[in-house]
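The structure appears right after this line, and notes come after that.
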Amino acid sequence: MLGILGFEFFRNAVIAGLIASIACGIIGTYVVVKRLVSMSGGLAHAAFGGVGLGYFLGIDPFLGAAGFTLGIAFLIGAIREKFGQYMETLVGAVWAAGMAVGILFIALTPGYAPELFGFLFGNILLIPTGDLWIMGLLALVIITIVIAGFNQLMAVTFDEEYARVMNLPVTALLILLILLIALTVVVLIRVVGIILVIALLTIPPAIAREYSGNLRTMMALSIMTASLFTLGGLFFSYALNVPSGATIILLATGGFGMMLLERRITRRRGQLAG
């Protein structure tokens, strides 16, 4: 099985999986704690508009997705406070409109878009070295910003009102957090695709939250859990000759189910012991 590591495409896939695991472990923790799952799903599907725009303009669809998603994220962050009561509706509109824009631009582009399926469902085994550099750069940006603003982001994540009392720039920090989510979505697209992004972004942090209440520890556990699911799914998909993205997500879902079962058994034993 390890002999497959002798091939460059598989080594690229392993590196991409680790990069994605770091990004989703860090930002996914904020998503789960702050309960921004639906917003993350909206950004993920909006990214398809950037993919279509990239094809239409003749640029790398990966870069198109990054620029478009960041633009949508900034827009959502900027109007979040003014239209807070309509936020769920706004996210739903962005979710649908992003997909519609992508389909429209692809339809207007002459020829055939051969990588379209990979963007929707991911194809980690076909990630070129050039995309690895882009993914690595985006992950580095995410890590640097989180380290520099960790305490401020933590304050906004757990208690916005307290952050305002402490005279923190809450609106700016929330926009920054949403932009970081958008960057993470772009990193994950090449691994599991637009349709499956939300699962990999939320399942590892959700598992980590059950075993730690400390944000730093949650991030570390989330990164390790995401790496286990990503690399495990990658090797299973190779062994079974099945799609990698779907295998990664099913493995993550199975892990989440096992965690729920373990938590229930542990609580039941605690009740019996009490």
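The values are calculated or read from the model by the stated rules, or taken from the named source; none is laboratory data. This structure is a prediction, so every number in the text was calculated from the model and none was measured. Virtual Cβ from ideal backbone geometry, glycine too; neighbours counted across all protein chains shown.
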For THR230, indicate whether it is touching a helix residue (DSSP H, G or I) at 6+ places or on another chain (Cβ under 6 Å), under 25 Å from ASN151 (Cα atoms), in contact (Cβ under 8 Å) with a residue 24 or more places away in the chain and in a helix (DSSP H, G or I).
no
May I ask you to list the residues in region 72-83 that are surrounded by 15 or more Cβ atoms within 10 Å (Cβ to Cβ) and either under 30 Å from TYR112 (Cβ atoms) or touching a helix residue (DSSP H, G or I) at 6+ places or on another chain (Cβ under 7 Å) (or both)?
ILE72, ALA73, PHE74, ILE76, GLY77, ARG80
In the list GLY118, GLY130, GLY54, which residue meets the criterion of being at pLDDT 85 or above and either assigned to a helix (DSSP H, G or I) or closer than 17 Å to THR184 by Cα (or both)?
GLY54
Pairs needed: first member in region 107-136, among the acidic types (Asp, Glu); second member anywhere, part of a helix (DSSP H, G or I); C-beta distance under 9 Å; at least 6 residues apart or different chains.
GLU115/VAL51; GLU115/TYR55; GLU115/PRO61; GLU115/LEU126; ASP131/ASN12; ASP131/ALA16; ASP131/PHE62; ASP131/ARG190
Checking ALA199 against (1) more than 19 Å from VAL37 (Cα to Cα); (2) part of a helix (DSSP H, G or I); (3) at pLDDT below 90; (4) out of contact with any Gly (no Cβ under 9 Å at 6 or more places or on another chain), the condition it does not meet:
(1)
Selected residue [surrounded by fewer than 17 Cβ atoms within 10 Å (Cβ to Cβ) and within 27 Å of THR247 (Cα to Cα)] from LEU108, LEU126, LEU104:
LEU126
Every residue from region 49-71 that is surrounded by fewer than 24 Cβ atoms within 10 Å (Cβ to Cβ) and closer than 23 Å to THR89 by Cβ
LEU70, GLY71
Does LEU18 fit the bill of being at pLDDT 90 or above and not small (Gly, Ala, Ser)?
yes
Among (1) touching a Pro at 6+ places or on another chain (Cβ under 7 Å); (2) aromatic (Phe, Trp, Tyr); (3) more than 26 Å from ALA66 (Cα to Cα), there is one condition TYR238 misses while meeting the rest; what is its number?
(1)
Which one is nearest to VAL91 (Cα to Cα) among residues in region 5-39 that are polar (S, T, N, Q) and surrounded by 24 or more Cβ atoms within 10 Å (Cβ to Cβ)?
THR29
Filtering region 184-196 down to residues that are at pLDDT below 80 and buried (at least 24 other Cβ atoms within 10 Å of the Cβ) yields ARG190
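Within region 204-227, can one find any residue that is over 22 Å from VAL33 (Cβ atoms) and either loosely packed, with under 14 Cβ neighbours inside 10 Å or not charged (D, E, K, R) (or both)?
Looking through region 204-227, none of the residues is over 22 Å from VAL33 (Cβ atoms) and either loosely packed, with under 14 Cβ neighbours inside 10 Å or not charged (D, E, K, R) (or both).
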